[in-house]
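So the structure is just underneath, and the comments pick up after that.
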Amino acid sequence: MYRPVRRAPPVDQQLAAPLLVILVSLAMFAVLTVSVHAHALMTTSIDPEVAAETLGLRSPWATHVARALTLLGSETVVGSAAVLLAIVVLVRRGARDAAVVVSTMATSVALTVLLKVLLGRTRPGSVDRLGPVDLSYSVPSGHSLNSAVLLGLVCLLLVPFASSRVVRDASVVLCLGLAIGIGGSRVYLGYHWTTDVLASWCIAAVLVSVARVAILVLDRGREQSGSDQVSRRTLSS
């Protein structure tokens, strides 16, 4: 039975979604940041309430799960996975897309450090913290931001190569679940406020969307270059 081949929409149409995500995510990050520094009702009520509720949810097995998820979002694991991702993308997709991976992850790390210093938000109290003291500032959460960016790049660059739609959908759900779990573990363990994690996810959405835009633009450049080469060969023949 004949099935028509579905062509991808033009690049300009594909750019609309990531650009919209960038605008919305930046707006949400701005609202969260201003609310925190202005001590708006939303953040001054939500953050302590969630922190208090989390204390009641703690149990030995939940703590083991949270620590495992936090380990997955640690600098060592995320950094190693980012290097591996860049190598795989280099082999499967080429140097340009590998450069997108490297530049996006480097930007994520740099923003983690820079925004912590610029925003200067203190972490939750150390009395209820399940782990060693961390004297750095609270927002953004490095675990939440960098792991979400990495998992987003996996969905963007590797998942499309999966053999079936079921595998692709399952991979996206797994990556989303891991990102949520890692961010949630930071709140559970007492290292971050809820709004810290939400702000980190906003930044991650911006960075992954910028990477998507960069890839689309690079792909369009490849297509135009290929068309130009075909035109030259046709004229020369």
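Brief remarks follow.
- Pair list, Cβ < 6 Å and 6+ apart or interchain, from the stretch 129-145 residues that are more than 14 Å from Ser74 (Cα to Cα) to residues that are outside any loop (DSSP other than H, G, I, E, B) and modelled with pLDDT under 85: Val133/Ser126
- Some residue of the stretch 104-111 being without any contact (Cβ under 8 Å) to a residue 24 or more places away in the chain and either over 30 Å from Arg58 (Cα atoms) or in contact with a Lys or Arg (Cβ under 9 Å, 6 or more places away or on another chain) (or both): yes
- Test result for Gly56, farther than 24 Å from Val149 by Cα, loosely packed, with under 14 Cβ neighbours inside 10 Å, touching a residue at least 12 places away in the same chain (Cβ under 8 Å) and not acidic (Asp, Glu): no
- Leading residue by the ranking (least open to solvent (accessible area, probe 1.4 Å)) among those in the stretch 174-201 that are out of contact with any Leu (no Cβ under 7 Å at 6 or more places or on another chain) and among the hydrophobic types (A, V, I, L, M, F, W, C): Val197
- Members of the stretch 61-112 that are of a type in the set (Asp, Glu), open to solvent by less than 20 Å² (accessible area, probe 1.4 Å) and closer than 27 Å to Gly131 by Cβ: none
- In the stretch 58-72 there is no residue matching the filter, namely being in a loop (DSSP other than H, G, I, E, B) and either under 26 Å from Leu32 (Cα atoms) or in contact with a strand residue (DSSP E or B) (Cβ under 6 Å, 6 or more places away or on another chain) (or both).
- Contact map, the stretch 13-31: first residue closer than 16 Å to Ala204 by Cβ, second residue polar (S, T, N, Q) and at pLDDT 95 or above, Cβ cut-off under 8 Å, separation 6 or more or different chains; pairs are Pro18/Ser209; Val21/Ser209; Ile22/Ser209; Ser25/Ser209.
- Among the conditions (1) open to solvent by 40 Å² or more (accessible area, probe 1.4 Å); (2) modelled with pLDDT under 95; (3) assigned to a helix (DSSP H, G or I), Ser171 misses just one, which is (1).
- Residues of the stretch 113-124 satisfying the condition of being surrounded by fewer than 16 Cβ atoms within 10 Å (Cβ to Cβ), of a type outside the set (S, T, N, Q) and not in a helix (DSSP H, G or I): Gly120
The values are calculated or read from the model by the stated rules, or taken from the named source; none is laboratory data. Fair warning: this is a prediction, and the values are worked out from it, not measured in the lab. Every residue, glycine among them, receives a Cβ derived from its backbone with ideal geometry; neighbour counts consider all protein chains shown. Note: accessible area is taken over every heavy atom of the protein model, side chains too, but ligands, DNA and RNA are not part of it. Shrake-Rupley method; radii C 1.70, N 1.55, O 1.52, S 1.80 Å.
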